[in-house]
Amino acid sequence: MLKKSQYSPVNVKKILFITLSNIGDAILTTPTIQAIHLKYPNAVIDIVGDARSRIIFLHCPYMGKFYEKKKQSGWLGVIALLRILRRTNYDIAIDLRSDGLLYLIKAKFKIFKLLNKSTLSMHSVEKHFFSLKEIVKPTIPGLKIWLSKKEKMKANKLLKEFKNKKILALGLGANYDGKIWPTSSFLELANQLEKYFDLILLLGSKEDNKRSSVFIKNYSGAVIDCAGIYSILETTALLERSTFFVGNDSGLGHMASAVNTPSFTVFGIGEPWRYRPWGNKALWHQDSNNNIGAIPGSLVANVIIKQLKLD
């Protein structure tokens, strides 16, 4: 443990932050990096991540360098990365990934992630944040994705005709079938909410195109299909313009929370108490048997109507 004077804001100039890989997981580490920045506002924070998580920190104003950890490069890639990282003597190094890098990095003070065994009842945001308990205040900052004017302007251009209108964003897909709410349930939800919303945005990847086609064919209201067309940051800007988001257990729900857009996540398998979107505007539901197909669209619709006080 460092003496208090050693990790005071005056003495800390260089920090290394090792984040996670997946988009959603990386977003859940942003309260931790924000807490570090608030404690050490003049420090430069280098970040280690990978190609997927890199985009989340692209416009982070206090990031120094981003070092990409290429899993496909194996041990040769790890050695090459370590050679670069060891050129810097860090004041503080924080590892939320725990793949051994921290043991070989030069740093005065090293912070390891909390063990899973002791944090099974914690949300992932709390687990990451509480690893800093020795040096930061106990208030957890919100999630964050840093957007540039370019992404915001692109979203504004697409939604120009819907300025000051109510927009419902939907994420029809996920990376695993057991996490995907049936498109018919999304349609049931959309039909019940049609009179409350002026537009539906379909968000996601190219893999969601088939679901989008089915949705558009069977929905009579205004809809724009954005799946597979816009980047992660452009999609986040669209979520920022949305009134509400509904989706499966995927990165989109975390992206919505990061721009303070109210959301509802439909869970199938998984542990929502640990990995749900963070924040008091993020709602969720999981069937008692983890059967995502058993969750009716009407249940979600009624929650949204009540939450937004639409009736």
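What follows is calculated from the coordinates using simple rules that are stated; it is not laboratory data. A quick note: this is a predicted structure, and the numbers were derived from the prediction, not measured. Note that each Cβ is placed from the backbone with ideal geometry, even for glycine, and that neighbours are counted across all protein chains shown.
Measure off 7 Å from each Cα along the Cα-to-Cβ vector at residue 177 and residue 139, then give the distance between these two points in nanometres to one decimal.
Going from the residue 177 label point to the residue 139 one covers 4.8 nm.
Are there chymotrypsin sites (Phe, Trp or Tyr not before Pro) in segment 128-223 that DSSP puts in a loop and that have at most 10 other Cβ atoms within 10 Å, and which ones? Could the numbers behind the result be given before it?
On the way: sites: 129, 130, 146, 162, 176, 186, 196, 197, 215, 219; in loops: 146, 176, 196, 197, 219.
Sites meeting the loop and neighbour criteria: none at all.
Placing unit charges on C-beta atoms (Lys and Arg positive, Asp and Glu negative, everything else neutral), compute the dipole magnitude of the chain about its Cα centre in debye, rounded to 20.
I would put it at about 1400 debye.
Counting other Cβ atoms within 10 Å, which GluC sites (Glu not before Pro) in segment 163-242 have at most 16 and lie in a DSSP loop?
Taking segment 163-242 and a limit of 16 other Cβ atoms within 10 Å, the loop GluC sites (Glu not before Pro) found are 194.
Can you give the FRET efficiency to the nearest 0.05 for residue 71 and residue 307, using r as the Cβ-Cβ distance and R₀ = 30 Å?
0.15
Sorted from fewest to most neighbouring beta carbons within 10 Å, what does the list 235, 139, 183 look like?
On the way: 235 25, 139 9, 183 19.
Ranking 235, 139, 183 by Cβ neighbours within 10 Å, fewest first, gives 139, 183, 235.
Suppose the chain between residue 54 and residue 214 were pulled fully straight at 0.36 nm per residue; how much longer would it get relative to their current alpha carbon spacing?
My answer for the length gained is 54.3 nm.
Counting helices only, and only those DSSP H runs with n ≥ 4, report the 222 nm mean residue ellipticity of the chain as the sum of -39,500 (n - 2.57) divided by its residues, in deg cm²/dmol to the nearest 500.
Computed mean residue ellipticity for the chain: -9000 deg cm²/dmol.
Quick one: Cα centre-to-centre distance for segment 254-280 and segment 107-173, in angstrom?
10 Å
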